[in-house]
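Each remark here refers to the structure printed beneath this line.
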Amino acid sequence: GNSSHVVSIPGVWLKKNNLNKGDLVYLEENGNSELILTPQIKEKKEELKEAIVEIDKKSLHSVQREIVSAYVNNNRIIKIIGKDIDKYSPQLREFVHNLLAVEIIEETQNGIIARDFLNVKTLSIDNIIRRIDIILRAMMSDAKEVIKKETIYSSLMNRDKDINRLTILAYRASRYYMENPSSKGDYEVVDYFKIWSMVESLEKIGDEVKRFVRYYKESKLPKNRLDELMEVYTQLEKLYLDTMSAIYKRDKTILLNQASNRDLLMKKLEDFLNKNYKTRCVPHMIEKLKNLLNHTHAIIKVYSYN
């Protein structure tokens, strides 16, 4: 037809990939004026992967990290075994139940068996990121009111836990799609590396907001100094909001402009520290706000330079 041309395919390539008349092939443009021809990718039958986590002579924290690793690596069955299982049983049960779609199906004196019922293919990375973003926006906004209302602090702690759960879920989905190109989901495989980096930064921003609030509650700054600090904090909040907005709009120009704000905000934080470093909690608060700024800037770099 007028809109296409015929291309001959080497017979050796056809034989190597077991292609015959009527088989499907995929043609993809890679952005460098090149076309990539690939054979039909047959989806693998999903394995019921299994991981064993031994707890003897390990700290609870180490065991929890191994469980998360097994979950992120899409193991559908996780067996936690050891002679000292009773020692950590209540904490392990709570930890496992906090993993989305994971249930304990068996528990004995020597082990706990957990089964993952999540279908990763039903997950939307976009939705997970937006849920993390919504929680972060609420945390950053509420942080300014924590002195006026004590209950806000406990609410922030719970929201941070929600972010942690969603972060692990995003890691898991990204890992699955990187390992299964034929089920690439909403993005190209290479994009999941950027997503992994962004989600990591979002989780760290939540941690820094939580830690900043902890010291903010205990600080002994006079009201005028607190107001000055919160003015800078509000500018950091705006930088984060504008950054996420630009990512949703896929506007690299805005992101590059946002990157130029980092040095200005860092200087304001340094100036405040120099004037108030002897006041209780101030060095800790400024450290957390610097980290918040750097993690936001890391997101900007990933999405503006690639």
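Residue by residue, here is whether (1) more than 24 Å from residue 283 (Cα to Cα); (2) touching a Gly at 6+ places or on another chain (Cβ under 8 Å); (3) crowded, with 17+ Cβ neighbours inside 10 Å holds:
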position	(1), (2), (3)
141	no, no, no
150	no, no, no
153	no, no, yes
156	no, no, yes
172	yes, no, yes
176	yes, no, yes
179	yes, no, no
192	yes, no, yes
215	no, no, yes
Check segment 20-30 and report whether any residue there is at pLDDT 75 or above, in a loop (DSSP other than H, G, I, E, B) and at positive phi.
-> yes
Scan of segment 66-84 for residues that are open to solvent by 20 Å² or more (accessible area, probe 1.4 Å) and either closer than 16 Å to residue 103 by Cβ or in a helix (DSSP H, G or I) (or both), ordered by number | 66, 68, 69, 76, 77, 79
Among all residue pairs at least 6 apart or on different chains, which show Cβ distances below 6 Å where the first residue, located in segment 182-193, is under 21 Å from residue 25 (Cβ atoms) and the second is modelled with pLDDT of 70 or more and open to solvent by less than 50 Å² (accessible area, probe 1.4 Å)?
-> 184/177; 189/178
For residues that are open to solvent by 60 Å² or more (accessible area, probe 1.4 Å) and not aliphatic (A, V, I, L, M), scanning just segment 123-139, find the one that is farthest from residue 177 (Cα to Cα).
-> 137
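In this structure, is residue 9 modelled with pLDDT under 90, under 30 Å from the mean Cα position of the chain (by Cα), exposed (fewer than 15 other Cβ atoms within 10 Å of the Cβ) and β-branched (Val, Ile, Thr)?
Criteria not met by residue 9.
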Which members of segment 266-276 meet the condition of being of a type in the set (A, V, I, L, M) and open to solvent by 30 Å² or more (accessible area, probe 1.4 Å)?
-> 266, 273
Conditions: (1) at pLDDT 95 or above; (2) open to solvent by 30 Å² or more (accessible area, probe 1.4 Å); (3) within 19 Å of the chain's Cα centre (by Cα). Residue 210 meets all but one. Number of the miss?
-> (1)
Within segment 109-122, can you find the residues that are open to solvent by 20 Å² or more (accessible area, probe 1.4 Å), over 20 Å from residue 169 (Cβ atoms) and touching a helix residue (DSSP H, G or I) at 6+ places or on another chain (Cβ under 8 Å)?
-> 109, 110
Just name the residue that is nearest to residue 246 (Cα to Cα) out of those in segment 277-300 that are without any contact (Cβ under 8 Å) to a residue 60 or more places away in the chain and either of a type in the set (S, T, N, Q) or surrounded by 16 or more Cβ atoms within 10 Å (Cβ to Cβ) (or both).
-> 300
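Tell me whether segment 85-97 contains one or more residues that are closer than 30 Å to residue 38 by Cβ and open to solvent by 20 Å² or more (accessible area, probe 1.4 Å).
no
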If you go through 229, 221, the only one that is closer than 22 Å to residue 276 by Cα, open to solvent by less than 60 Å² (accessible area, probe 1.4 Å) and in contact with a Cys (Cβ under 9 Å, 6 or more places away or on another chain) is 221
First in segment 47-66 and touching a residue at least 12 places away in the same chain (Cβ under 8 Å), second anywhere and open to solvent by 70 Å² or more (accessible area, probe 1.4 Å) and outside any strand (DSSP E or B), Cβ under 7 Å, 6 or more apart | 55/84; 56/83; 56/84; 60/91
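The values are calculated or read from the model by the stated rules, or taken from the named source; none is laboratory data. Just so it is clear, the structure is predicted and the values come from calculations on it, not from any experiment. Please note: Cβ atoms are built from the backbone with ideal geometry, for glycine as well, and neighbour counts cover all protein chains shown. In case anyone asks, the SASA skips ligands and DNA or RNA and just uses the protein heavy atoms, side chains included. Shrake-Rupley method; radii C 1.70, N 1.55, O 1.52, S 1.80 Å.
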